[in-house]
1. Whole angstrom only: what separates the Cα centroid of segment 115-153 from the Cα centroid of segment 17-53?
2. Output the 0 to 90 degree angle, nearest 10, between the alpha-carbon long axis of helix 112-130 and the longest principal axis computed from the alpha carbons of the chain.
3. How long are the semi-axes of the ellipsoid equivalent to segment 37-153, from square roots of 5 times the Cα gyration tensor eigenvalues, in whole Å, largest first?
4. So how strong a dipole does segment 1-121 carry about its Cα centre when Lys and Arg Cβ are +1 and Asp and Glu Cβ are -1, to the nearest 20 debye?
5. Take peptides 102-109, 76-83 and line them up by average Cβ neighbours within 10 Å, highest first, as a rough protection proxy.
6. List the lysines whose Cα lies under 21 Å from the Cα of K22, skipping any in the same chain that are fewer than 8 positions away.
7. Using Cα springs under 10 Å in a Gaussian network model of the chain, which residue among Q143, Q32, Q13 shows the largest mean-square fluctuation?
8. Can you give the relative contact order of segment 46-152 as a percent, counting alpha carbon pairs under 8 Å and 6+ residues apart?
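Here, each number is a calculation from the coordinates, and none is a lab measurement. These numbers come from a predicted model, not from an experiment. Positions of Cβ are generated from backbone atoms using ideal geometry, with glycine treated the same way; all protein chains shown enter the neighbour counts.
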Amino acid sequence: MNDQLTHLDEHGQAAMVDVSGKPVLHREAVAQGFLVASPATLDCLEAGDLPKGEALGVARIAGIMAAKRCSDLIPLCHPLPLDHAAVEFERTEPDRIRIEARATTAARTGVEMEALAAVSIAALTLYDMTKAIEHSATIEGIQLLSKHKEVPC
């Protein structure tokens, strides 16, 4: 097996990483992204006054569901037993909503993909629910902010 490219087997084929030898640790990851739209659109979004309904609650649930189903969405991700997944929203500028997702688990591998999936799907849900009043909204800056692991469980 290639020691540097852990997602390749001895034949160069894509493969799931074997984490069976790693200890079970408490792990946490935080990711963020932004929905950028006109201030008027974001006013409607925050007021729950969109043609498709109350978007923030729907996007929060969509993000949590994405974190829970990450291994179904990304082929080489390990299915993880999530202890917690949360999605929060904050209007950081008149034309910008910050989406933050946090995921935790006790497992042999990290939860960064779950946090990133949660932010991505929450952002796509907000886009979908605001597009009826604004087609020029954008999704920006999806990134991992932090990941931590603690003592073995």
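1. 4 Å
2. 20 degrees
3. 29, 13, 12
4. Values: 11 positive and 18 negative charges, 42 e Å.
Computed charge dipole of segment 1-121: roughly 200 debye.
5. Ranking the peptides 102-109, 76-83 by packing returns 102-109, 76-83.
6. Once the sequence-local lysines are set aside, what remains near K22 is K147, K149.
7. Q13
8. Computed over segment 46-152, the figure is 29 percent.
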